[in-house]
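Structure record follows, encoded as structure tokens.
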Amino acid sequence: MSIGLSKEELALRDKAREFSQGVVRPRAAEIDKAREYPWDIVKQLSEAGFTGMTVPKQWGGQGRSFLDAALVIEEMAKSCTVSGRIVVECNMGAISAVMAYGTEAQKKLAADLVLAGDKPAICITEPEAGSDAMAMTTEARQRGNGYVINGRKHWITGAGISKLHLIFARVYDAMGEFQGIGGFLHVKDSRPGLRVSKREPTMGLCGMPEGELVFEDLEIPGDMVLLPPSGFKRGFADLINAYNSQRVGAGTVAMGIAAGALDHAVAFAKEREQFGRPIAEFQGLQWMLADMDVALTASRLMLHAAARSRGPGGSPFPDPALAAQAKIIASEAAIKIVNDALQIFGARGYSRDYPLERMARDVRMFTIAGGTAQVLRTLVASKLLGQKLPQHRGGYGD
């Protein structure tokens, strides 16, 4: 169901749907089985104009909205979760932060990489700093005009394949005084000091590497320090705002998986016969399909509202509480929708010969990554109670 979309938005969605069904869907099972990043899909996504859509036109992008990106993300995720995630990373999160807070040189660097298909890596999570991101121990110590970073990050999406890295670290000046948490840009292989120490053997999203990064005297020149206008004292609070777009993107991927699962379930119910008639004629299954559609529509409406919103004070990013609400409802509903679709397939849904088994593994991560459902509820409650919003991110997955 499409509500309130313009003709241009509908045309973009239809273009993405055609690409998803013709290019992405035939590769989805193999991407999962091979556990390899789909460089061929990335190249075609870039050529089709689906990477860097939200990058302003002055930097070579299309200047599209987060809603435009969400429309494309849903269509890709219907066919392949990894492809949906790629579109998220190439339009939201790190690239949003650079476009909001970076210098002209930083914006050009990031835009060129993303438009060519690079999936930037957001480096926040550490072994002892997941939901409590403020507990990070990675340090950036001032040396001359730049900084030297030492530490360890894990569950970094795109570890080993990303070129651009947005690294969060505790900042210390030349005298050793703590300045706050700041963000630093690093391009892979531009200088020594960054290595991938392991890749996580994930349950789902097998074509998207999740890994551990180790920083060993990584030198960051002064022109690669990403500073919000108010400096390091507000650095983390400002930079983490970019994660609100990432949450909308993650919720949309979950919703896209659910939409794809519902499509499969409807088609199968019409074709599969038992007791002499299609199982779609049994009221019990009709009610299951109806409930799936209701939950999917509610998720889509909330995600679109979050994508259209702006944060407090004219922030260019989605409203934090609305983004959290949308991700909660979409991720939790998606798990149930996919499970119900698998149930409708019966034993076939449990087989790797059908897509529901892969979808069930993939969708499970979205109540965890990018802000656990529990931590996001704390954020929503804080706004409801008029309390200061907590400065934590929650969960792994960048």
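Values in this text are rule-based calculations from the coordinates and carry no lab data. Just so we're clear, the structure is a prediction, and the values are computed from it rather than from any experiment. Please note: Cβ atoms are built from the backbone with ideal geometry, for glycine as well, and neighbour counts cover all protein chains shown.
From the backbone phi of segment 257-270, what are the Karplus-calculated ³J(HN,Hα) couplings (6.51 cos²θ - 1.76 cosθ + 1.60, θ = phi - 60°) in whole Hz, Gly and Pro given as x?
Values per residue, Gly and Pro as x: 4, 4, 4, x, 5, 5, 4, 4, 5, 5, 4, 5, 4, 6 Hz.
Check which residues have an amide H placed less than 5 Å from V55's amide H, if you skip close sequence neighbours.
Amide H to amide H, under 5 Å and 5 or more residues apart or across chains, V55 pairs with Q62, G63, R64.
Rounded to a whole number of µm²/s, how large is the Stokes-Einstein D of segment 7-115 at 20 °C and 1.002 mPa s, given Rh as the Kirkwood radius over C-alpha pairs? Spell out each step's value before the answer.
Details: Rh = 14.0 Å.
In µm²/s, the coefficient rounds to 153.
Convert each backbone phi in segment 327-334 into a coupling constant with the Karplus relation 6.51 cos²θ - 1.76 cosθ + 1.60 (shift: θ = phi - 60°), then list the ³J(HN,Hα) values in order as whole Hz, x for Gly and Pro.
Per residue, the Karplus-derived 3J(HN,Hα) values read 5, 4, 5, 5, 5, 6, 5, 4 Hz.
Please report the relative contact order for the chain, taking Cα pairs under 8 Å with a sequence separation of at least 6, and give it as a percent rounded to a whole number. All intermediate terms of the calculation are to be shown ahead of the outcome.
Values: 816 pairs, mean separation 68.2, N = 398.
Result for the chain is 17 percent.
How far, in nm, would the chain grow between K57 and K388 when pulled straight, counting 0.36 nm per residue and subtracting the alpha carbon separation? Don't skip to the answer; put the middle values down first.
Working: separation 331, 0.36 × 331 = 119.16 nm, distance 3.56 nm.
Computed gain between K57 and K388 is 115.6 nm.
Can you tell me the relative contact order of segment 7-115? Whole percent, Cα pairs under 8 Å, sequence separation 6 or more.
On the way: 118 pairs, mean separation 32.6, N = 109.
Relative contact order of segment 7-115: 30 percent.
Rounded to the nearest 20 debye, what is the charge dipole size of the chain about its Cα centre when +1 sits on each Lys and Arg Cβ and -1 on each Asp and Glu Cβ? Please list the in-between numbers first.
Working: 47 positive and 44 negative charges, 57 e Å.
Dipole about the Cα centre, nearest 20: 280 debye.
For Q179, which sequence-distant residues (separation of 5 or more, or a different chain) have an amide H within less than 5 Å of its own amide H, given hydrogens modelled in the peptide plane?
Under 5 Å from the amide H of Q179 lie the amide H atoms of V171, Y172, D173, each far enough along the sequence or on another chain.
Which ³J(HN,Hα) values, rounded to whole Hz and listed in residue order, are derived for segment 64-77 from phi using the Karplus coefficients 6.51, -1.76 and 1.60 in 6.51 cos²θ - 1.76 cosθ + 1.60 with θ = phi - 60°, glycine and proline given as x?
With coefficients 6.51, -1.76 and 1.60, one gets 7, 8, 5, 5, 4, 4, 5, 4, 6, 4, 4, 5, 5, 5 Hz.
Fewest first, what order do I328, I95 take by the number of other Cβ atoms within 10 Å?
On the way: I328 23, I95 31.
Least crowded to most crowded, the residues run I328, I95.
Quick check: residue separation of E30 and R195 times 0.36 nm, minus the Cα distance between them. What number comes out in nm? The partial results should precede the final answer.
Details: separation 165, 0.36 × 165 = 59.40 nm, distance 2.77 nm.
Between E30 and R195, full extension yields an extra 56.6 nm.
Which value at 222 nm does the chain reach when only helices count, each DSSP H run of 4 or more adding -39,500 (n - 2.57), with the total divided by all residues and rounded to the nearest 500 deg cm²/dmol?
Details: 13 runs with 182 residues, N = 398.
Helices in the chain give a 222 nm mean residue ellipticity of -14500 deg cm²/dmol.
Translational diffusion coefficient of segment 121-237 at 37 °C, 0.692 mPa s, Stokes-Einstein with Kirkwood Rh over Cα pairs, in µm²/s as a whole number.
Working: Rh = 14.4 Å.
In µm²/s, the coefficient is 229.
Name the long-range amide H neighbours of D118: under 5 Å, sequence gap of 5 or more, or other chain; modelled H, no Pro or chain starts.
It is none; the list stays empty.
Considering Cα pairs under 8 angstrom that are at least six residues apart, work out the relative contact order of segment 240-384 and quote it in whole percent. Please list the in-between numbers first.
Numbers: 187 pairs, mean separation 46.4, N = 145.
Contact order relative to length: 32 percent.
Report D for segment 308-354 in µm² per second (integer): Stokes-Einstein, Kirkwood Rh on Cα pairs, 4 °C, 1.567 mPa s.
On the way: Rh = 13.0 Å.
Estimated via Stokes-Einstein, D reaches 100 µm²/s.
Could you list the trypsin sites (Lys or Arg not before Pro) in segment 306-388 that lie in coil according to DSSP, counting only those with at most 15 other Cβ atoms within 10 Å of their Cβ? Working shown, then result.
Values: sites: R308, R310, K327, K336, R348, R352, R358, R361, R364, R377, K383, K388; in loops: R310, R352, K388.
Sparse-neighbourhood loop trypsin sites (Lys or Arg not before Pro): R310, R352, K388.
Order by neighbour count: I337, I149, fewest other Cβ atoms within 10 Å first, most last.
Working: I337 29, I149 24.
Sorted ascending by nearby Cβ count, the order is I149, I337.
By how many nm would the segment from Q343 to S65 grow when fully extended, if each residue of separation counts as 0.36 nm and the alpha-carbon distance is taken off? Spell out each step's value before the answer.
Values: separation 278, 0.36 × 278 = 100.08 nm, distance 3.66 nm.
Length gained, Q343 through S65: 96.4 nm.
With bins 10 Å wide starting at 0, give me the P(r) of segment 240-384 over every alpha carbon pair, in whole percents.
All Cα pairs considered, the percentages come to 13, 38, 27, 15, 6, 1, 0.
Please list the radius of gyration and Dmax for the chain, considering alpha-carbon atoms only, with Å as the unit.
21.0, 81
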